[in-house]
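The values are calculated or read from the model by the stated rules, or taken from the named source; none is laboratory data. None of the values given here were measured: they were computed from a predicted structure. Here the Cβ positions follow ideal geometry from the backbone for every residue, glycine too, while neighbour counts run over all protein chains shown.
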Amino acid sequence: MTQRWDATQYGSNAAYVHGLAGGVLELLAPQPGERILDLGCGDGQLTTKLIAAGAEVTGVDSSESMAEAARARGVNVVVASMESLPLPDNSFDAAFSNAALHWVKNHEAMLTEVNRVLRPGGRFVAECGGHGNIAAICVALRAVLGRHGFGELEEGVNYYPSVEGYSARLVRHRFEVRTIQLIPRPTPLPESGMDGWLRTFRRGVIESLPEELRETVIRETVALLEPVLRDEQGSWTADYVRLRFHAVKTT
């Protein structure tokens, strides 16, 4: 199952994603004149902050819809997979990513490519979903999909690594890990709530269902999650856990 993105839908239902990126931006500390690669730049809202800091930024995203939205904000974007970057060796001072690495299918290939395009001593700073991220949402959606005979659609949608597991991956790919941590981050959702979250972040899953079943799956998943993720005022909070790291290319 491949996730499908719509920049307008993302802007409406997921604006909080770039709004919560202050910590990883601070860890990156972009400097004027630095060449920075923004991996999974999305609609470019966070990328513009790197540009505003004076960095020379190239965004990469696999979604043409997202790339068009980023270009409209003045971002230079290459439409490509992170596992195969059409960029020269040793060409960036830093690689940055926020809320995107958990969508990557082949992390071995991605880390090989990031190491290749970074200069020696270049840093890789990122934040993504970590071990335990959206556990309640995943369990509820799997249960509903399974009840209707489509449980396999939720398998392998995301990769949420542990500190130990991802540290080992980084070291294997010739990075020195400076910092890495799991950060529990219960995240209030906008007015569209869990319905909007499912339509945005599980769009590929929902659209892979027979059309007559899609609204039923959304409705039943929302109902299953309501007792644990919706408060008495009717506000939804997603059970996010983030993995944030700073690593440096050694060779």
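Of all residues in the range 152-162, those satisfying the criterion of being over 23 Å from VAL24 (Cβ atoms) and surrounded by 13 or more Cβ atoms within 10 Å (Cβ to Cβ) are LEU153, GLU154.
Screening GLY193, GLY149 for residues that are free of Cβ contacts under 8 Å to residues at least 60 places away in the same chain and surrounded by 17 or more Cβ atoms within 10 Å (Cβ to Cβ) leaves exactly one candidate, GLY193.
Please determine whether any residue of the range 57-66 is modelled with pLDDT under 95 and not small (Gly, Ala, Ser).
For the range 57-66, residues modelled with pLDDT under 95 and not small (Gly, Ala, Ser): present.
Restricting attention to the range 234-251, report how many residues are β-branched (Val, Ile, Thr) and surrounded by 14 or more Cβ atoms within 10 Å (Cβ to Cβ). Going through the range 234-251 one residue at a time, the tally reaches 3. Considering the range 133-251, the qualifying helices (runs of 4 or more DSSP H), each wholly inside and each with 2 or more residues that are β-branched (Val, Ile, Thr), run over 135-147, 163-172, 203-207, 211-229.
The single condition from (1) within 19 Å of the chain's Cα centre (by Cα); (2) at pLDDT 95 or above; (3) more than 25 Å from LEU243 (Cβ to Cβ) that PRO88 fails is (1). Is it fair to say VAL222 is of a type in the set (A, V, I, L, M) and under 21 Å from the mean Cα position of the chain (by Cα)? The answer is no for VAL222. Check whether at least one residue in the range 224-233 is under 15 Å from ALA135 (Cα atoms), in contact with a Leu (Cβ under 6 Å, 6 or more places away or on another chain) and buried (at least 18 other Cβ atoms within 10 Å of the Cβ), and report yes or no. The answer is no; no qualifying residue exists.
Being within 21 Å of HIS131 (Cβ to Cβ), modelled with pLDDT of 95 or more and basic (Lys, Arg) is not true of ARG185. Residue selection: ARG142 fails the criterion of being farther than 22 Å from ARG242 by Cβ, surrounded by fewer than 23 Cβ atoms within 10 Å (Cβ to Cβ) and among the charged types (D, E, K, R).
I'm trying to understand the selection: among the residues of the range 51-65, which are of a type outside the set (Ser, Thr, Tyr), surrounded by fewer than 24 Cβ atoms within 10 Å (Cβ to Cβ) and either in contact (Cβ under 8 Å) with a residue 12 or more places away in the chain or under 18 Å from PHE92 (Cβ atoms) (or both)? Residues satisfying the conditions are ILE51, ALA53, GLY54, ALA55, GLU56, GLU64. Residues in the range 163-179 that are surrounded by 14 or more Cβ atoms within 10 Å (Cβ to Cβ) and either in contact with an Asp or Glu (Cβ under 9 Å, 6 or more places away or on another chain) or polar (S, T, N, Q) (or both): 4 in all.
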